[in-house]
1. State, to one decimal in nm², a quarter of the convex hull surface area for the C-alpha atoms of segment 1-56, i.e. the direction-averaged projected area.
2. Enumerate the calculated ³J(HN,Hα) couplings along segment 117-129 in order (Karplus 6.51 cos²θ - 1.76 cosθ + 1.60, θ = phi - 60°), each rounded to whole Hz, writing x wherever the residue is Gly or Pro.
3. If N is the number of residues in the chain, what value comes out of its Cα radius of gyration divided by 2.2 N^0.38 Å?
4. Treating each Cα of segment 211-362 as an identical point scatterer and ignoring solvent, apply the Debye formula and state log10 I(q)/I(0) at q = 0.11, 0.12, 0.16 Å⁻¹.
5. Assuming R0 = 45 Å, what is the FRET efficiency of residue 305 and residue 106, from their Cβ-Cβ distance, to the nearest 0.05?
6. Rank these for me by crowding, 291, 284, going from fewest to most other beta carbons within 10 Å.
7. Given only helices, namely DSSP H runs of n ≥ 4 each adding -39500 (n - 2.57), what is the per-residue ellipticity at 222 nm of the chain, to the nearest 500 deg cm²/dmol?
8. Suppose the chain between residue 237 and residue 34 were pulled fully straight at 0.36 nm per residue; how much longer would it get relative to their current alpha carbon spacing?
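No value in this document is a laboratory result; all are computed from the given coordinates. The structure displayed is predicted, hence computed values, not measured ones. Here the Cβ positions follow ideal geometry from the backbone for every residue, glycine too, while neighbour counts run over all protein chains shown.
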Amino acid sequence: MADWKNPPRLFIPGPVKVNDDVLQQLARPTLGHRGKEYAQLHGETVDMLKKILFTEQNVFLFTSSASGIWEAAIRNCVGFDETVLCTCCGAFSDKWADVARDCGRNVDELKVDWGKPVLSEMIDEKLATGKYAAVTLVYNETSTGLTNPLYEVSEMMKAKYPDVLVFVDTVSAMVGLPLHFDQLGWDVALASVQKAFAIPPGLAVAAVSSRALEKSKSVPGRGYYFDFQLFAKSAEKNQTPTTPNIPHIMALNYQCERLLKEGMEKVWDRHKQMGDFVRAWAKEKFTLFCEEKYASNTLTTIKNTRGINVAEVISSVQQKHNTIFGNGYGKLKEETFRIAHMGDITLDDLKELLGWIDDEIR
Ligand SMILES: Cc1ncc(COP(=O)(O)O)c(C=O)c1O
């Protein structure tokens with residue numbers, strides 16, 4: 001019987017397992033958000049995030065999930081008379097295009113089949129038309145378990161289209177995959193904390209370039225809650241425009257300290273080791289949904305080549321071990337399933353989970 005008071009261990013691709021010491025950070029006494037103590041917490045956390053994201057530009061904290069920042073990037077930085085190119089390769093990147101349209105902007109889509117990467121030359125061909133003010137990219141498509149080759153894409157864009165703004169969904173990539181914001185020349189990189197930061201949901205983080213901030217000054221209709229100008233003004237005082245989710249920021253501060261102590265190279269390497277381990281199992285027992293070259297180090301989407309009843313296996317593992325993993329997302333349900341290997345999930349956790357799945361499919 002499902003019981004929220006005895007929650008299952010999570011291997012779904014977010015929210016993921018949260019360690020007890022992190023949960024305890026959420027139980028600290030709260031602070032006044034205009035007081036000196038909060039300013040200290042905020043300043044420290046942002047400084048650490050800048051190191052984690054390799055940026056000397058702006059980092060803002062949003063009391064929302066990542067989808068809010070999809071909207072923020074568009075509403076702050078794309079004018080109504082401009083067009084944004086949305087690259088679409090799965091459920092989440094497709095959705096960002098819908099959101100941009102919902103924001104009343106002109107949207108063109110560059111679509112590839114789910115499970116295929118968006119390549120530099122495809123984007124180059126579109127941008128060569130000179131039609132676009134901005135492009136949206138997804139670093140790691142959580143529905144297909146695919147990592148787009150964004151270092152290559154970014155090199156091409158910096159060399160050939162330096163004036164086109166670059167917005168990147170790094171929701172299931174941030175922390176788990178290399179991300180050198182300034183070197184990549186990105187303008188917005190957004191994520192929520194329930195993925196590789198391994199914190200419960202309720203907070204989003206974004207790096208925002210100085211030129212994106214400058215651009216936003218002249219864009220009308222930015223709205224209130226996600227107005228980058230208000231965030232920049234509050235950041236000068238180490239504050240947010242409205243009351244932030246302070247318990248989450250305490251947990252984020254704690255996690256950032258741990259990440260920096262470990263060192264980002266090691267953090268990325270740890271994620272690669274987990275990715276290699278799950279991919280080896282997936283290839284032996286099933287196949288990978290996307291080409292291995294593009295397979296993600298934060299989650300694996302596995303093609304259900306044995307025709308197992310995925311929902312039944314998930315349910316059985318839950319009943320026996322109070323642990324769940326992910327069915328395929330949207331149209332990929334049952335055709336695939338997904339295992340997260342990010343944040344504070346360990347190799348030992350994964351060995352245990354894959355053993356339990358083996359028991360079910362034997
Ligand atoms: C790649 C990607 N983008 C965006 C989202 C939406 O994030 P949130 O639910 O934090 O709004 C998700 C959620 O899983 C995601 O995986």
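1. The number I arrive at for segment 1-56 is 6.2 nm².
2. Result, rounded to whole Hz: x, 8, 9, 3, 5, 5, 5, 4, 4, 5, 5, 4, 5.
3. Values: Rg = 20.2 Å, N = 362, 2.2 N^0.38 = 20.6 Å.
The value comes to 0.98.
4. -0.65, -0.73, -0.93
5. Efficiency computed from Cβ-Cβ geometry: 0.65.
6. Values: 291 11, 284 8.
Ascending Cβ contact count within 10 Å gives the list 284, 291.
7. Calculated at 222 nm, the ellipticity per residue is -13000 deg cm²/dmol.
8. 72.2 nm
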